[in-house]
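A short write-up of the structure that comes next.
The values are calculated or read from the model by the stated rules, or taken from the named source; none is laboratory data. Here the structure is a predicted model, which means the values were calculated and not measured. With ideal geometry, Cβ positions are generated from the backbone for all residues, glycine too; neighbour counts draw on all protein chains shown. With ligands, DNA and RNA removed, areas are computed over all heavy atoms of the protein, side chains included. Shrake-Rupley method; radii C 1.70, N 1.55, O 1.52, S 1.80 Å.
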Amino acid sequence: MSINYAQHYQSCVDKVREEGRYRVFATLERIVGNFPRANYYQPDGSIKEVTIWCSNDYLGMGQHQKVIEAARKATERCGAGAGGTRNISGTMKYHVDLEGSLSDLHNKEAALVFSSGYVANEGALSTLGKLLPDAALFSDSMNHASMIHGIKGSKQEKFIFRHNDLEHLEELLKSVDIKRPKIIAFESVYSMEGDIAPIKEICDLADKYNAMTYLDEVHAVGLYGPRGGGVAEMRGLMDRIDVIEGTFGKAYGVMGGYIAGKASIVDAVRCYASGFIFTTGHTPATLAAARASVEHLKESNVERQKISENVSLLKGLLEKEGMPFLKGESHIVPLIVGEPTCCKEVTDILLEKYNIYVQPINYPTVPKGTERLRLTATAVHTAEDIEYLAKALLELWECNHLFRAVA
């Protein structure tokens, strides 16, 4: 009997549809100088302008003239691609310059650029764990999938502590021999909760129980600290973190990921991480653009000040109307809906009626029953944009379209 493979996989997709969490990608065209507005290519072939409210380009650096000009010049000078992996002809001066800029940003001995933040986490954590004999890895329960993947890939014993729960972390650390190698892996800003980790206290526990610290700052670099070094820089704690992981795909407005730390640690990852070794190097344009963005935000606080003002305005308007958002310390505003079909319906109405684009966040990104809109007020939204969004959400709520699952 033959197997109908296509039918089997279709049934898997149908299951996602039945659960109300099938994802439809919106085709968007960002126009230089007009972000957060973009052209939305509708299913019927027509085009309309929408305002994006779920972008990770938090500071609008993807549209910054310095960044665009750096990409253009690099392409004109060196062409479109790297021509190979970093090991085989793919390491360019642009790589070296960017890694030097990152070492300076985080006050670390070395840095290493990866194709994405996901690959950086997976490659670094799996490698660091594998290279430590009989290691124990401790992971926050809300850690990103890339960190979970890396920890699993290490094939070492793992311990999962409740989100930001210091008592539970210490309880788990106590259960492991003090002489045994340990890595505590956690994030600074948790992108689906909008809260921030107790970095100092985790570092204190790491010192007490002889553990390395691995901090994912992807949603923080560029945004926090006097030079954009992240929450660890803002709190004066960078020297207490063994490995800092970041991305260029969010506040820096480009793409790619990286780690920074002691030269020996970074070099070990460079020598052993398959995700780094077997991936073609970034394009000259990407590297030059990323470095231009990093260097600009080391000097400029204009963008950070603006996003802070915009986030405060958005949170204040939602608070005034009693809307159920998670009140974390960060720039991310998760608005809880609590049911996948309703979450999708809300975003559809916002797009069709209000020209507001925000993607529903459903399982498996967040636990079932906590479906949400993940709102991001960027540095380039206006006060009028923010007030219009709040008004639209209030209208939906009052019409009983929104939050029906939590009302």
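Data overview
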item	result
Cα gyration tensor category, rounded, prolate or oblate, for segment 226-268 with a/c compared to 1.5	oblate
Probe 1.4 Å, all protein chains present, accessible-area order of THR286, THR75, largest first	THR75, THR286
Anchor LYS320: aspartates and glutamates whose Cα lies under 18 Å away (excluding residues fewer than 8 positions away in-chain)	GLU309, GLU329, GLU384, ASP385, GLU387, GLU395, GLU398
Segment 328-396 - percent of accessible surface contributed by carbon and sulfur, probe 1.4 Å	55
All Cα pairs of the chain, percent lying beyond 32 Å	40
Accessible area per residue in Å² at 1.4 Å probe, computed on the chain	45
Per residue convex hull volume, Cα atoms of segment 21-89, in Å³	184
Cubic angstrom per residue, convex hull over Cα atoms of segment 194-335	139
Normalised contact order of the chain, rounded percent, pairs of Cα under 8 Å and 6 or more residues apart	21
Accessible-area composition of segment 266-317, carbon plus sulfur, in percent [1.4 Å probe]	53
Projected area averaged over orientations for segment 56-147, convex hull of C-alpha atoms, nm²	8.6
Per principal axis, descending, Cα span of segment 126-204 in whole Å	35, 25, 16
Rounded to 5, percent antiparallel among DSSP beta bridges of the chain	60
Of the DSSP H helices in the chain, those whose Cα atoms cover at least 15 Å axially and whose Kyte score averages -0.5 or more	117-130, 284-299, 302-320, 340-354, 383-398
Rounded percent of accessible protein surface that carbon and sulfur make up, segment 38-183, 1.4 Å probe	53
Inverse of mean 1/r across different Cα pairs in segment 268-407, Kirkwood, Å	17.5
Counting all C-alpha pairs of segment 1-119, share separated by more than 24 Å (%)	58
Those GluC sites (Glu not before Pro) in segment 80-130 that DSSP places in a loop and that have at most 11 other beta carbons within 10 Å	none
Set of lysines near LYS73 by C-alpha distance (under 21 Å), chain-local residues within fewer than 8 positions excluded	LYS93
